[in-house]
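Reviewing the structure listed below.
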Amino acid sequence: MKYTVTDIHNMDSRFRAQFVNSLSGFKSAHLVGTQSNQQVHNVAIVNSVFHLGADPALLGMIMRPHTVRRDTLENIVETGVYTLNHINSEIIAAAHQTSARYDQELSEFNECGLTPYFSDTHNAPYVAQSRVKIGMALEEVVHLAVNQTNMVIGRIVEVILDDNAVLEDGFVDLQALDSVCIASLDGYYQPSLLARFEYAKPGVVPQKKR
């Protein structure tokens, strides 16, 4: 089956959102933890986090157009700090529920059955149930005129995870940590490692790592 630009444009809006969101493949699944200047804790699911650089250690994420109240983005801009928390199989229902719209004065942690956790060195709430917790400091918000979204660029300032999850070469064993991924808007998957390969060189047959 072939879909043209016209076909995609004429789709029902909810169908189109699911369809187009599926095309980019499996995406990372994170909960963004923030708090307002009034100390109200907020948590929201995102599937748009991406690696931007290792030195400095930067992660980006795309936030939807700021045409209505966006507590997560507003809190990040106000406080300059936030957290990214991997979703695991035990909290996928609670994580999905964070996509609901709650009143601004309510703690979405409480409403969704998640627990805020604060480290001694970061002023944004982590998700206690997450097995990979990443503390972020805001570097830049870039407005994308093409569709009015915002790219949030943050610097990693701390990482909290199990000691045995980091292998000798720095590889983080996400399968051992039960990190899940998302397809489209509401499909949750448990990825499994198929293979790791040695550094690729021209003219050399790819070699699997042992």
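The values are calculated or read from the model by the stated rules, or taken from the named source; none is laboratory data. Model, not experiment: these values are computed from the prediction. Ideal geometry is used to build each Cβ from the backbone, glycine not excepted, and the neighbour counts take in all protein chains shown.
Consider the range 29-53 and keep the residues that are of a type in the set (Gly, Ala, Ser) and either closer than 19 Å to SER179 by Cβ or modelled with pLDDT under 95 (or both). The one that is surrounded by the most Cβ atoms within 10 Å (Cβ to Cβ) is GLY33. Among the conditions (1) β-branched (Val, Ile, Thr); (2) surrounded by 20 or more Cβ atoms within 10 Å (Cβ to Cβ); (3) closer than 20 Å to TYR188 by Cβ, the only one that ILE76 does not satisfy is (3). At least 1 residues being without any contact (Cβ under 8 Å) to a residue 12 or more places away in the chain and closer than 24 Å to PHE118 by Cα is the threshold, and among the helices (runs of 4 or more DSSP H) wholly inside the range 6-101 those reaching it are 92-97. Could you check the range 56-80 and list, in sequence order, the residues that are touching a helix residue (DSSP H, G or I) at 6+ places or on another chain (Cβ under 9 Å) and not basic (Lys, Arg)? Listed by number, the residues that qualify are MET63, HIS66, ASP71. Would you be able to say whether some residue in the range 100-123 is more than 19 Å from ASN47 (Cα to Cα), polar (S, T, N, Q) and in contact with a Lys or Arg (Cβ under 9 Å, 6 or more places away or on another chain)? For the range 100-123, residues more than 19 Å from ASN47 (Cα to Cα), polar (S, T, N, Q) and in contact with a Lys or Arg (Cβ under 9 Å, 6 or more places away or on another chain): present.
Among the residues making up the range 169-210, those that are β-branched (Val, Ile, Thr) and loosely packed, with under 10 Cβ neighbours inside 10 Å are VAL204, VAL205. Yes or no: VAL132 out of contact with any Gly (no Cβ under 7 Å at 6 or more places or on another chain) and not hydroxyl-bearing (Ser, Thr, Tyr)? Yes: the conditions hold for VAL132. Is it the case that the range 135-150 has a residue that's surrounded by 11 or more Cβ atoms within 10 Å (Cβ to Cβ), of a type in the set (Ser, Thr, Tyr) and closer than 17 Å to ASN47 by Cα? Within the range 135-150, one or more residues are surrounded by 11 or more Cβ atoms within 10 Å (Cβ to Cβ), of a type in the set (Ser, Thr, Tyr) and closer than 17 Å to ASN47 by Cα.
Just one of the listed residues (ALA176, ALA124) is touching a residue at least 24 places away in the same chain (Cβ under 8 Å), assigned to a loop (DSSP other than H, G, I, E, B) and closer than 23 Å to LEU31 by Cβ, and it is ALA124.
Among the residues of the range 179-210, those identified as in contact (Cβ under 8 Å) with a residue 24 or more places away in the chain and among the hydroxyl-bearing types (Ser, Thr, Tyr) are SER179, SER184, TYR188, TYR189.
Here ALA124 clears all of (1) buried (at least 19 other Cβ atoms within 10 Å of the Cβ); (2) closer than 19 Å to SER89 by Cα except the condition numbered (2). Only one entry of VAL81, VAL77, VAL49 meets the criterion of being touching a Ser or Thr at 6+ places or on another chain (Cβ under 7 Å), under 25 Å from TYR126 (Cα atoms) and of a type outside the set (Ser, Thr, Tyr), and that entry is VAL49.
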